[in-house]
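These notes concern the structure reproduced below.
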Amino acid sequence: MFELIKICKSFGNLRVLKSISIKIKSGIVTGLIGPNGSGKTSLVNIMSGIYPIDSGQILLDGNDISGAKSYQISRLGVFRTFQHIRIFERMTVIENIISAMISHESFSFYGFLAQVRNPEDPKVNIAQNILEIMEMENDSNLFAGDLSLPKRRRLEIARVLARDPKVILFDEPAGGMTPKETESLAHLINKNVAPGRTCLVIEHKMDLIAKVCEELCVINHGEKIAQGDPSVVFNQPEVIEAYLGKV
Amino acid sequence: MLNDYLLTVISNIGMISLLAISAYILLITGEISFGQQAYFGISAYSGAIATTLWGWPFWVSLLFGSLLAGIAAGLVSALTVRISGLYFSISTLAFSEMVRLFLLKFSYQKEIDGELLGPNGAEGFGGIRWIFDNNISVFQYTLLIYLILFLVIICLFFIERSGLGMIFRMIGQDPMLTRVHGINPVNYKVFAAVLAGFIAGLGGMLYAHSFTFIEPQIFNVMLGVHSLAYGLIGGLGTVFGPLIGVALDIGLLESIRVIHGYRMIVFGGLVAIMLILMPRGILDEKRVYRLRLALRNWLHV
Amino acid sequence: MKPLLNVSSLKVNYGGVYAVKKISIKVYEGQIVSITGANGAGKSSTLNALTGIYAPSSGEIVFRGENIAGFHAHRIVKRRLVQVPEGRHLFPNLTVRENLFTGNHCLGRFFLGKFIPENILNIFPMLRDRLDTSASSLSGGQAQMLALARGLMAQPLLLLLDEPTLGLDPIMVKEVLNLLSILRKQGLTILVVEQNVRQTLEISDYAYVLESGRMVMEGRGTELLNDSMLVKSYIGFGKS
Ligand SMILES: Nc1ncnc2c1ncn2[C@@H]1O[C@H](COP(=O)(O)OP(=O)(O)OP(=O)(O)O)[C@@H](O)[C@H]1O
Ligand SMILES: Nc1ncnc2c1ncn2[C@@H]1O[C@H](COP(=O)(O)OP(=O)(O)O)[C@@H](O)[C@H]1O
Ligand SMILES: [Mg+2]
Ligand SMILES: [Mg+2]
């Protein structure tokens, strides 16, 4: 279980997270919503070790990982996607997926000798299967920089699958997608990504949140204002006030 | 048929290619180094001292000079690994100038066969006579250079196809994403620097013994800028990219006598045009990938 | 009445592949016109051709009686046809305030302005607190707000918006779409590309639907909303 205890984070005099505590339940998808600038991305950056925290504790399965670097956290089986898509644009789609599979132990000669560009390498096969799951099997030889936006987002998720992490942190996976594309993404997450994993999904598209989340956490101004079953949380007056707006 | 002038041009291409490959390795890991000529120079001096003053065998001296260059590169890289971009470039430039200024003051001479030999500051270091002492012809020495270049290319070819090569390119494109993949770029950046320093060192040591005379002025920043430009012209998609760059500059421009003397101007213009038309060089990642697919298909048919 | 912007048989190609194949758009003064369609349908390519960011391969773009097809971007923006591009394109090392001034700069003044109209800051109160921090430190949604505000700084006659609600929270989405109606009442003409198809159609006077570079449907916003085919293929999710 991922547990955040009294996390504080400031940038200069801007207090972004104000002693926030969140428990993320294992094996289910938790949604994280909140207004623009409320600190969602900062929270994910902290959980993935990109930002150091000012105070507080981060527990992963009971172990304190507060000071860990991002590459160390990644090796513990935590993987994330980015709000501003990050892919290796000057590599092909399949190379991007393989990049998530190469040796991530400390400097090793296994990595040195592994012939990743070899078409007979088992990694290539695994990557092809993942591309089929993502319905991108015809794009494997395209350069990632040439993909359309929904495909880039899918490539980020394909990379997640290649990595096969215990915990996945999604930062606006449906950003820039049309309602139709969002729907098929929701389907994909439910069918192929979420089962057996702990997921945290940041999203402003309530359609996606409603489809994939079993638990919902709402933050505002760096503080948690609600957590619980989505149908309950959606009807809480402070959530409607701060985030959803009156219908 | 192969006259001495032509052989000199060809062997020059080989030795400078090693320097260009060394700059290329850093380019694919995303750093621009203006200082690879320093490692070229360190190895030229130390390798030549080993053969000429200490009487070490050639191969041992070659390894000695190159290892020294690699170690120096590793130390500099360990100190600068946390800075990147412009700041990294400037620090490499500063280090290489330090080396050059040191060589200008560096004097270490010994009497060998009644003659005072060894580096003597600005006056340079003459009498590196290993070639003559061992009766090696220019042709044979050129073969030797190309043997070493060939070995380096083979090594790099395999590195590029391995996970290590992929990690280099990952770091070059997005260091933060690389970290999220569980890879700590620090180790790999230092390793790339050592490798690049070592390869530059191979070139430098060969250079000293080919010309028999070296002086600190040779290893100035223009040499480093050229070696960078070779990768940028030839392409950053494969190790053959920088070789194309060297062949174009030294092979083509140098040998067209009409533009002799204007070579630097033509070369500068060529770099500018290339950067506009093909920002990542002739053999950039996309073309290399297409070529590789075509080659694979052709081999299968 | 003559349209403010009249685009006819516009084509855009990228290295031989046509992203936009012969489309025509008319925008009358004081209207909100929207373009919708799946990703990769060619919406952004169309807008980029209109503002000269990417030259169209053929076709006419008549803005206030003048054919501006093929003009450079800086000449088009001086005619006060302003685009807020997809993906924001802020200057990350400048402060929020300086970014806003660059919007003003495109009117052809040599020196940057010194004055930010109150009404722009009132629309995006979040920016007011952050005027002197660098644009790179903004959150995704805040950056989108800054891009919109910068577009308004240019005092456009025709405002082109490419996915203006990208990354905004539900309240801000409503506010921005509301803002479009308000701006229209104040006389601004708007051409908007949006993915919140339903809400956008509600406020637009006329709408076009693009599919792989072709116009497949057009009509009054409210008419299209009742079109079952459109609802099925683009709006999805059935509910609100
Ligand atoms: N590196 C940084 N330096 C300074 N301020 C920052 C930095 N990163 C984030 N902030 C600030 O912290 C606050 C929270 O940002 P964050 O990106 O976490 O928001 P968010 O909840 O993800 O919002 P959105 O939905 O708009 O993406 C914002 O006010 C933002 O400007
Ligand atoms: N700069 C570009 N170079 C090559 N192809 C492009 C470029 N920009 C867009 N395309 C292609 O043009 C098509 C239309 O893209 P775009 O206009 O961005 O669509 P939309 O905005 O509707 O999502 C897509 O197939 C896309 O891949
Ligand atoms: Mg965010
Ligand atoms: Mg678009």
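The values are calculated or read from the model by the stated rules, or taken from the named source; none is laboratory data. Note that the structure is predicted; figures quoted are calculated from it, not measured. Backbone-built Cβ (ideal geometry, glycine too); neighbour counts: all protein chains shown. Keep in mind that these areas ignore ligands, DNA and RNA; they rest on the heavy atoms of the full protein, side chains included. Shrake-Rupley method; radii C 1.70, N 1.55, O 1.52, S 1.80 Å.
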(message) Can you sort B:54, B:59 by solvent-accessible area, 1.4 Å probe, largest first?
(response) B:59, B:54
(request) Enumerate the calculated ³J(HN,Hα) couplings along the stretch B:35-47 in order (Karplus 6.51 cos²θ - 1.76 cosθ + 1.60, θ = phi - 60°), each rounded to whole Hz, writing x wherever the residue is Gly or Pro. (result) x, 5, 4, 5, 6, 4, x, 4, 6, 4, 5, 5, x
(request) Kindly sort A:244, C:146 by accessible area of their heavy atoms, largest first, with the probe set to 1.4 Å. (result) A:244, C:146
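Roughly how crowded by other chains is peptide A:178-185, in terms of the mean Cβ count from those chains within 10 Å of each of its Cβ atoms?
So the per-residue partner count for this stretch is 6.
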(message) Looking at chain C, identify the longest residue range that excludes and avoids all chymotrypsin sites (Phe, Trp or Tyr not before Pro) in DSSP loops having at most 14 other Cβ atoms within 10 Å.
(response) C:116-240
(message) If I compute solvent accessible area with a 1.4 Å probe over the protein chains, what percent of it on chain C is carbon and sulfur?
(response) 53 percent
(message) Not counting ligands, DNA or RNA, and with a 1.4 Å probe, what is residue B:273's accessible surface area in Å² rounded to the nearest 10?
(response) 100 Å²
(request) Give the accessible surface of the protein assembly as shown per residue, rounded to a whole number of Å², with probe radius 1.4 Å and ligands, DNA and RNA excluded. (result) 43 Å²
(request) Note the angle between two axes, namely the Cα long axis of helix A:122-133 and the longest principal axis of the Cα atoms of chain A, as a number of degrees from 0 to 90, rounded to the nearest 10. (result) 50 degrees
(request) For the A and C pair, go ahead and give the buried accessible area with a 1.4 Å probe, both sides summed, in Å² to 100. (result) 2100 Å²
(message) As I understand it, the value is the acute angle between the Cα axis of helix B:58-80 and the longest principal axis of the Cα atoms of chain B; what does it come to in degrees, rounded to 10?
(response) 50 degrees
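Against the 2.2 N^0.38 Å scaling, with N counting residues, where does the stretch C:98-220 land? I'd like the Cα-based Rg ratio to two decimal places.
Rounded to two decimals, the normalised Rg is 1.13.
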(request) Please list, in chain and number order, the residues 5+ apart from residue A:226 or on another chain whose amide H is under 5 Å from its amide H, with Hs placed from the backbone. (result) A:218
(message) Could you tell me the calculated FRET efficiency between residue B:122 and residue B:290, based on Cβ-Cβ distance and R0 = 45 angstrom, to the nearest 0.05?
(response) 0.35
(request) For residue C:192, tell me the accessible area in Å² from a 1.4 Å probe, rounded to the nearest 10. (result) 0 Å²
(request) Using amide H atoms built 1.01 Å from N in the peptide plane, name the residues 5+ places from residue A:61, or on other chains, whose amide H lies under 5 Å from its own. (result) A:2, A:3
(request) Output the direction-averaged projected area (hull surface divided by four) of the convex hull of the alpha-carbon atoms of the protein assembly as shown, in nm². (result) 39.3 nm²
(message) Taking the full set of protein chains and a 1.4 angstrom probe, give the accessible area of residue B:270 in square angstrom, rounded to the nearest 10.
(response) 50 Å²
(message) On a full-extension model of 0.36 nm per residue, what is the gain between residue A:166 and residue A:14, subtracting their alpha-carbon distance, rounded to one decimal in nm?
(response) 51.4 nm
(request) Would you tell me the mean number of C-beta atoms belonging to other protein chains that fall within 10 Å of each C-beta in C:213-219, as a whole number? (result) 0
(message) Tell me the angle of helix A:149-163 to the major Cα principal axis of chain A, expressed in degrees between 0 and 90 and rounded to the nearest ten.
(response) 80 degrees
(message) My understanding is that a pair violates if its Cα-Cα distance is over 31 Å; which of A:205/C:11; A:40/C:21; B:286/C:43; A:246/C:185; A:40/A:246; A:6/A:205 do that in this structure?
(response) A:205/C:11; A:40/C:21
(message) Can you list residues from other chains, or at least 5 along the same chain, whose modelled amide H is less than 5 Å from the amide H of residue A:32?
(response) A:201, A:202, A:203, A:217
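In the stretch C:9-86, which GluC sites (Glu not before Pro) fall in coil by DSSP and have 15 or fewer other Cβ atoms within 10 Å?
Taking the stretch C:9-86 and a limit of 15 other Cβ atoms within 10 Å, the loop GluC sites (Glu not before Pro) found are C:29.
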(message) Within 10 Å of each candidate Cβ there may be at most 16 other Cβ atoms; applying that plus a DSSP loop requirement, which trypsin sites (Lys or Arg not before Pro) in the stretch C:1-102 survive?
(response) C:64, C:79, C:80
(request) Run a plain Debye calculation on the stretch C:1-79 (Cα atoms as equal point scatterers, no solvent) and give log10 I(q)/I(0) at q = 0.11, 0.12, 0.27 Å⁻¹, rounded to two decimals, same order as the q list. (result) -0.26, -0.31, -1.43
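In what sequence, largest accessible area first, do A:217, A:8 appear using a 1.4 Å probe?
Details: A:217 0, A:8 35 Å².
Of A:217, A:8, the descending order of accessible area is A:8, A:217.
What quantity of accessible surface, computed with a 1.4 Å probe and excluding non-protein components, is buried in total between chains B and A, in Å² to the nearest 100?
Details: alone 15100 and 12480 Å², together 24200 Å².
Accessible area lost upon association: around 3400 Å².
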(message) Is the C-alpha gyration tensor of chain B telling us rounded, prolate or oblate? Criteria: a/c under 1.5 is rounded; beyond that, a/b larger than b/c is prolate, otherwise oblate.
(response) prolate
(request) For the stretch B:1-153, with all protein chains present and a 1.4 Å probe, just round the carbon and sulfur fraction of the accessible area to a whole percent. (result) 69 percent
(message) What do you get for chymotrypsin sites (Phe, Trp or Tyr not before Pro) in the stretch B:187-290 restricted to DSSP loop and a cutoff of at most 16 other Cβ within 10 Å of the site's Cβ?
(response) B:213, B:262
(request) Can you tell me the FRET efficiency between residue A:146 and residue C:67 if r is taken as the Cβ-Cβ distance and R0 is 41 Å, rounded to the nearest 0.05? (result) 0.80
(request) Express in % the proportion of alpha carbon pairs of chain C at distances exceeding 30 Å. (result) 23 percent
(request) Enumerate the calculated ³J(HN,Hα) couplings along the stretch A:18-23 in order (Karplus 6.51 cos²θ - 1.76 cosθ + 1.60, θ = phi - 60°), each rounded to whole Hz, writing x wherever the residue is Gly or Pro. (result) 10, 6, 9, 10, 9, 9
(request) Return one quarter of the surface area of the convex hull spanned by the alpha-carbon atoms of the stretch B:14-119, equal to its mean projected area, in nm². (result) 7.3 nm²
(request) Determine the percent antiparallel among the DSSP beta bridges restricted to the protein assembly as shown, to the nearest 5. (result) 60 percent
(message) Show me the three semi-axes of the equivalent ellipsoid for chain A, from the C-alpha gyration tensor (sqrt of 5 times each eigenvalue), largest first, rounded to whole Å.
(response) 31, 22, 15
(request) Please work out how much length the chain gains when fully extended from residue A:235 to residue A:57, using 0.36 nm per residue of separation minus the C-alpha to C-alpha distance, in nm with one decimal. (result) 61.0 nm
